[in-house]
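Single-structure report; data block below.
The values are calculated or read from the model by the stated rules, or taken from the named source; none is laboratory data. Remember, predicted model here, so these are calculated numbers, not experimental data. Positions of Cβ are generated from backbone atoms using ideal geometry, with glycine treated the same way; all protein chains shown enter the neighbour counts. Surface accessibility is based on the protein's heavy atoms, side chains included, excluding ligands, DNA and RNA. Shrake-Rupley method; radii C 1.70, N 1.55, O 1.52, S 1.80 Å.
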Amino acid sequence: MSHQIPLGSSVPQVNCLDLWREKNDQLVRQAKVAQDLDLSLRRQQLAQDALEGLRGLLHSLQGLSASVLVLPLELTVICNFTTLKASLAQRFTEDQAQDIQWGLERVLETQKQLGPRLDRGFRGLWNSVLHASAVLPQLLPALHHLAGLQAALWLSTDHLGDLTLLLQTLNGSQSGASEDLLLLLKSWSPPAKESDDPLTLQDAQGLRNVLLTAFAYRQGLQELITGSLPRALSSFHEAASGLCPRPVLVQVYTALGTCLRKMGNPQRALLYLVAALKGGSICGPPLLEASRVYRQLGNTAAELESLELLVEALSIPPTSEVPHFLIEVELLLPQPDPASPLHCGTLSQVRHLLASRCLQMGRTEYAAEHYLDLLALLLDGSEPKLSPPPCSSGLCMPEIFLEAAAALIQTGRAQDALTVCEELLRRTSSLLPKMPLPWKNASKGTKESPHYPLWVSATYLLQGHAWVQLGVPKQAISEFSRCLELLFRVTPKDKEQGPASNCEQGCTSDETLQQLRAAALISRGLEWVASGQDTKALQDFLLSVQVCLGNGDASFHLLQTLRRLDRRDEATALWRRLEAQTKLLQENATWSLPLYLETCLSWIHPPDRETLLEEYRTFLLEPCDL
């Protein structure tokens, strides 16, 4: 067998070296042939066969004692094997780190430096190997190639400190040299390959270019997240100018669009987003970002059109480009993060965004249809449990039901709204506690969350408005009363419980609870007014002012009722307070509330407060002048 040939027999060893090199070159050519095939099964099989061939060749070479004569080929085989294995798996593994370590130890073995150096880990190994290469210049090309793979592995696993020290050593830098990774990567100049060197799947220069683009993009993302926008812009420009495959270029252009939008330059942002949409089949992130830009510009039609196109794009099964058998930029990028500004979300999340924006912008018919489509999508196949938020999809299912019902009422489809409300009650009523909230679980000694009562009470509130629209005031008043009975069992959230999730904040904040109570009281009061029962209406309006201090709607409805009941002194005192508090009321109107509640509050909002105040000025003050 070849690995049993005595090291002193130079001629057979040289002959075997030629055979091993020919085998390496043949396997590299096979992998490159596989890369060009369209048939995925045949392509994968040829690549897998090449990988196994490289594995066997590596075992043969490592069966020998380490030799300076053989090491350039052995290190090249390690590089080819690691490159092909990582590209097929689309990730780096611990096995590949061990292969790199074995190659480094083989170099030190030729210098009799192996023993004590192992305690220093990878960093110590690389320092020792690169110092040893000063007397072994024939190993430099292969060592730089191996260093490129080590750099790729460390970049993909965020070992940036180790990567910085490695590049400083490769560049011959001394202590105190620049720690700017981008500058170090630009300064790194791997030795050129000779024409008679063994074939490689990817050379050191190619790896360096990939590393430069990947790091520039990663750095830009981090700077974008932390708000360092000018630096992020520079990093993304650096990434775009390098070796940037089409899918990555789409991401870079989208990131540039996000950066420019945040910097207040939406027109330039659109130019990059158009380029991103032309650049490849990945159109989700640029479409979402385009909707944000149009929203900033106040172009509602274009914003909603972008979201509709995004829904269509996400409805089509994704097609991914076939990866090359190389270390590519995508392999070194971080995993998609839902918190990233470039994450476009799932189909259900985007449908919800589209539906909610339609509702907010007054396009109620479109909103209603989008909400019904969303509910069909979420409920298709299996009945989801309405577990405490956040839901796995990032959506709060009960609030989607409530928003859908509000949209249906807004568009005049009260009966459909009742159907949606009944479905939500069917799913939540069994979870409704039978005691005041928050309460303690006696067996566990823990506080239960009050979001279920708020969902159910909001459902009763919307059902009441649906019955108002259907002209059944008795049923409407009954639903408003059920809503209030439940709401007054809920106590404000204990502030010592710590921060809640986004969805839970929308469901359980003190402000939401107060506004829900006020909305139910005002809604019932308006029904009493409609039926001519001003005394009962007065009680509800007075209570609504007390439970939600600063609620301008409650105060204005109370003022109108006092006027009808001819309670002039009380009306005058309230009018004076309202005039003094107009500015404060406008500020309070900016509270962030769940969308279904904002919609409901719009139904009970007096049409024009300034006009009403002026009318009351005439009504209340003229008699005093007599």
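Within region 286-330, track down each residue that is among the hydroxyl-bearing types (Ser, Thr, Tyr), open to solvent by 70 Å² or more (accessible area, probe 1.4 Å) and either in contact with a Lys or Arg (Cβ under 9 Å, 6 or more places away or on another chain) or modelled with pLDDT of 90 or more (or both).
Looking only at region 286-330, we keep the residues that are among the hydroxyl-bearing types (Ser, Thr, Tyr), and these are 291, 294, 300, 306, 315, 319-320.
Still in the list and also open to solvent by 70 Å² or more (accessible area, probe 1.4 Å): 319-320.
Matches in region 286-330: none.
Considering (1) open to solvent by 50 Å² or more (accessible area, probe 1.4 Å); (2) more than 25 Å from LEU332 (Cβ to Cβ); (3) part of a helix (DSSP H, G or I), say which one LYS112 fails and leave the rest.
Result: LYS112 passes all but (3).
Of all the residues that make up region 401-433, how many are open to solvent by less than 40 Å² (accessible area, probe 1.4 Å), modelled with pLDDT under 95 and not in a loop (DSSP other than H, G, I, E, B)? Don't jump to the end; show me each part of the working.
If we filter region 401-433 for residues that are open to solvent by less than 40 Å² (accessible area, probe 1.4 Å), which is where we start, we get 401-409, 411, 414, 417-418, 420-421, 424-425, 427-428, 432-433.
If we keep only those that are modelled with pLDDT under 95 too, we end up with 424-425, 427-428, 432-433.
Restricting the remaining residues to those that are not in a loop (DSSP other than H, G, I, E, B) gives 424-425, 427-428.
Residues flagged as open to solvent by less than 40 Å² (accessible area, probe 1.4 Å), modelled with pLDDT under 95 and not in a loop (DSSP other than H, G, I, E, B) within region 401-433 amount to 4.
Anything in region 255-269 that is within 21 Å of the chain's Cα centre (by Cα) and either without any contact (Cβ under 8 Å) to a residue 40 or more places away in the chain or closer than 12 Å to LEU297 by Cα (or both)? List them, or say none. Break it down into steps so the answer makes sense when it comes.
Let us first name the residues in region 255-269 that are within 21 Å of the chain's Cα centre (by Cα), namely 255-263, 269.
Selection gives LEU256, GLY257, CYS259, LEU260, ARG261, LYS262, MET263, ALA269.
Considering each residue of region 223-254, count those that are within 21 Å of the chain's Cα centre (by Cα), more than 20 Å from LYS186 (Cα to Cα) and in a helix (DSSP H, G or I), and give that number.
Qualifying residue count, region 223-254: 9.
Condition test on LEU27, is it open to solvent by less than 70 Å² (accessible area, probe 1.4 Å), within 26 Å of ARG208 (Cα to Cα), of a type in the set (A, V, I, L, M, F, W, C) and part of a helix (DSSP H, G or I)?
Numbers: open to solvent by less than 70 Å² (accessible area, probe 1.4 Å): yes; within 26 Å of ARG208 (Cα to Cα): yes; of a type in the set (A, V, I, L, M, F, W, C): yes; part of a helix (DSSP H, G or I): yes.
Against the criterion (open to solvent by less than 70 Å² (accessible area, probe 1.4 Å), within 26 Å of ARG208 (Cα to Cα), of a type in the set (A, V, I, L, M, F, W, C) and part of a helix (DSSP H, G or I)), LEU27 qualifies.
Can you name every residue in region 159-185 that is farther than 22 Å from THR110 by Cα and in contact (Cβ under 8 Å) with a residue 24 or more places away in the chain?
Quick first cut of region 159-185, residues farther than 22 Å from THR110 by Cα only: 159-165, 167-168, 171-185.
If the condition is that a residue be farther than 22 Å from THR110 by Cα and in contact (Cβ under 8 Å) with a residue 24 or more places away in the chain, then ASP162, LEU165, LEU181, LEU182, LEU185 are the ones that fit.
Got a sec? Which helices (runs of 4 or more DSSP H) wholly within region 283-361 have at least 3 residues that are within 15 Å of the chain's Cα centre (by Cα)?
Details: elements: 284-297, 300-315, 347-360.
It comes to 284-297, 347-360.
Limited to region 237-265, what total is found for residues that are crowded, with 18+ Cβ neighbours inside 10 Å, over 30 Å from GLN202 (Cβ atoms) and of a type outside the set (Lys, Arg)?
4
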